[in-house]
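Just below is one structure, and these are the notes that go with it.
The values are calculated or read from the model by the stated rules, or taken from the named source; none is laboratory data. Keep in mind that what you see is a predicted model, and the values were worked out from it rather than measured. No Cβ is skipped: glycine too gets one built from the backbone with ideal geometry, and neighbour counts run over all protein chains shown.
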Amino acid sequence: MALTLVGCGGVSLPSEMAPMETGNPSEGYLIEPGNRVRVTVFNEPSLSGDFIVDPSGSLSLTLVGNIPASGIGPKVLGERIEALLKKDGYLQAPKVAVEVQSFRPFYVLGEVRQPGEFPYTNGMTVLSAIARAGGYDYRAWEGDVMLVRMVNGKQKEYRATERTPILPGDIIRVPQRRI
């Protein structure tokens, strides 16, 4: 009888706590299809602008055409654009900056009012993500949640609090409380 009560009494969450410092989500972020990026070619406003990475993972720019962009960071993409502008003789010493404008979405699952996929914005926490999902529902275990994040190409599960910062692509699972 005692074993049954212990098994039903608690919520099963990972023991490792999620990192509380995430840094800048742009650093280490790999561009993927559907991302919107801002390309700035200094002193060349006609070559600068906002672009969407197409489903094949390429970015189409004036003068240089399609550039593979998927799977690389903004800095590497800027260097590729510089090299192409220089190689084809369009500019002698181009300086290009690339900034990610839209990140991959995050997901909230479990005991929330409207689970689903939501657009990521900088500075989000678990609590702001749950708020976007309509808040906790009446069955929710409020407080600690499970955070699933890709780390070095592998899914890793963490225990997280409402103040834990989230990153693009994170999955937040709100468990059901046990009665």
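The single condition from (1) touching a residue at least 60 places away in the same chain (Cβ under 8 Å); (2) surrounded by 13 or more Cβ atoms within 10 Å (Cβ to Cβ) that residue 122 fails is (2). Tell me, yes or no, whether region 142-149 has at least one residue that is touching a residue at least 60 places away in the same chain (Cβ under 8 Å) and either exposed (fewer than 14 other Cβ atoms within 10 Å of the Cβ) or more than 20 Å from the chain's Cα centre (by Cα) (or both). Checked region 142-149: at least one residue is touching a residue at least 60 places away in the same chain (Cβ under 8 Å) and either exposed (fewer than 14 other Cβ atoms within 10 Å of the Cβ) or more than 20 Å from the chain's Cα centre (by Cα) (or both). Residue count for region 1-46 satisfying the condition of being in a loop (DSSP other than H, G, I, E, B), over 14 Å from the mean Cα position of the chain (by Cα) and at pLDDT below 70: 3. When each of 76, 41 is tested for being more than 20 Å from residue 153 (Cβ to Cβ) and surrounded by 13 or more Cβ atoms within 10 Å (Cβ to Cβ), the lone residue that passes is 41. Sub-9 Å Cβ pairs linking a first residue in region 40-56 that is on the phi > 0 side of the Ramachandran plot and not assigned by TED's automatic domain parsing to the domain that holds residue 80 to a second residue that is small (Gly, Ala, Ser) and surrounded by 11 or more Cβ atoms within 10 Å (Cβ to Cβ), at least 6 apart or interchain, number zero. Go over the candidates 105, 55 one by one and state the one that is loosely packed, with under 13 Cβ neighbours inside 10 Å, modelled with pLDDT of 90 or more, touching a Pro at 6+ places or on another chain (Cβ under 8 Å) and not small (Gly, Ala, Ser). From the options 105, 55, the qualifying one is 55.
Of all positions in region 58-67, none carries a residue that is modelled with pLDDT of 90 or more, under 27 Å from residue 90 (Cα atoms), surrounded by fewer than 17 Cβ atoms within 10 Å (Cβ to Cβ) and in contact with an Asp or Glu (Cβ under 6 Å, 6 or more places away or on another chain).
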